[in-house]
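Below: the structure, in structure tokens.
The values are calculated or read from the model by the stated rules, or taken from the named source; none is laboratory data. For clarity, every value in this text was computed on a predicted model and none was experimentally measured. Cβ: placed from backbone, ideal geometry, glycine included. Neighbour counts: every protein chain shown.
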Amino acid sequence: MSKRQKLKTQARREAKKAAPPRAELRLLRMPASKVRLVVDLVRGKPVEEALNILTFTAKGASRPLAKLLRSAVANADAKGGYDIDELILADAQVGEAPQMKRFRPRAMGRANRILKRTCHVTFVLDKRSAAKKA
């Protein structure tokens, strides 16, 4: 590896350590529009309150999102330097992902296309005091 590549790699690692804790859920087998309804309920809330909201929300997306939030908290704990009681869900993004295309047979030899939509979800946590300053 050349010296320049080593420097780039080192800079990338340092930037990753300085970044706030995060967790990603990729290829969730639910449409992004349905997942956004649940994510909008918890965005900007403290982690404990967000987990309570997700636990008692009667939507299909709430269970995988609660699991993702627990993963983000575990990442913050493993990273060190974060008090878990002071964490908030600073950023929550839901994006479209590739669609699975299926066909349903119809009358007279025709077929309709069915789009089985998926999405990517990203949670970024931050300290409560740092989020208020921003």
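Can you tell me which residues in the stretch 25-42 are part of a loop (DSSP other than H, G, I, E, B) and surrounded by 15 or more Cβ atoms within 10 Å (Cβ to Cβ)? Steps first, answer last, please.
Going residue by residue through the stretch 25-42, those that are part of a loop (DSSP other than H, G, I, E, B) are 29-31.
Of everything in the stretch 25-42, those that are part of a loop (DSSP other than H, G, I, E, B) and surrounded by 15 or more Cβ atoms within 10 Å (Cβ to Cβ) turn out to be M30, P31.
Mind checking which pairs have a first residue in the stretch 51-67 that is more than 15 Å from T122 (Cα to Cα) and free of Cβ contacts under 8 Å to residues at least 24 places away in the same chain and a second that is assigned to a helix (DSSP H, G or I) and hydroxyl-bearing (S, T, Y), Cβ under 6 Å, 6 or more apart or different chains?
Pairs found: L54/S62.
Restricting attention to the stretch 8-24, and to residues there that are surrounded by fewer than 11 Cβ atoms within 10 Å (Cβ to Cβ) and among the aliphatic types (A, V, I, L, M), which single residue is modelled with the highest pLDDT?
Per the stated criteria, the residue is A11.
Is it fair to say I53 is loosely packed, with under 14 Cβ neighbours inside 10 Å and either touching a helix residue (DSSP H, G or I) at 6+ places or on another chain (Cβ under 6 Å) or not in a helix (DSSP H, G or I) (or both)?
Values: loosely packed, with under 14 Cβ neighbours inside 10 Å: no; either touching a helix residue (DSSP H, G or I) at 6+ places or on another chain (Cβ under 6 Å) or not in a helix (DSSP H, G or I) (or both): yes.
It is false that I53 is loosely packed, with under 14 Cβ neighbours inside 10 Å and either touching a helix residue (DSSP H, G or I) at 6+ places or on another chain (Cβ under 6 Å) or not in a helix (DSSP H, G or I) (or both).
Identify all residues within the stretch 92-118 that are basic (K, R), outside any loop (DSSP other than H, G, I, E, B) and surrounded by fewer than 10 Cβ atoms within 10 Å (Cβ to Cβ); write none if there are none.
In the first step, residues of the stretch 92-118 are kept if they are basic (K, R); the result is 101-102, 104, 106, 110, 113, 116-117.
When the remaining residues are screened for being outside any loop (DSSP other than H, G, I, E, B), the result is 101-102, 104, 113, 116.
Correct list: K101, R104, R113.
Would you tally the residues in the stretch 1-24 being of a type in the set (G, A, S), under 30 Å from A66 (Cβ atoms) and not in a loop (DSSP other than H, G, I, E, B)? Let's see the steps before the verdict.
Going through the stretch 1-24, the residues of a type in the set (G, A, S) turn out to be 2, 11, 15, 18-19, 23.
Those left that are additionally under 30 Å from A66 (Cβ atoms): 15, 18-19, 23.
The next check asks that each one be not in a loop (DSSP other than H, G, I, E, B); those that pass are 15, 18, 23.
Total satisfying the criteria: 3.
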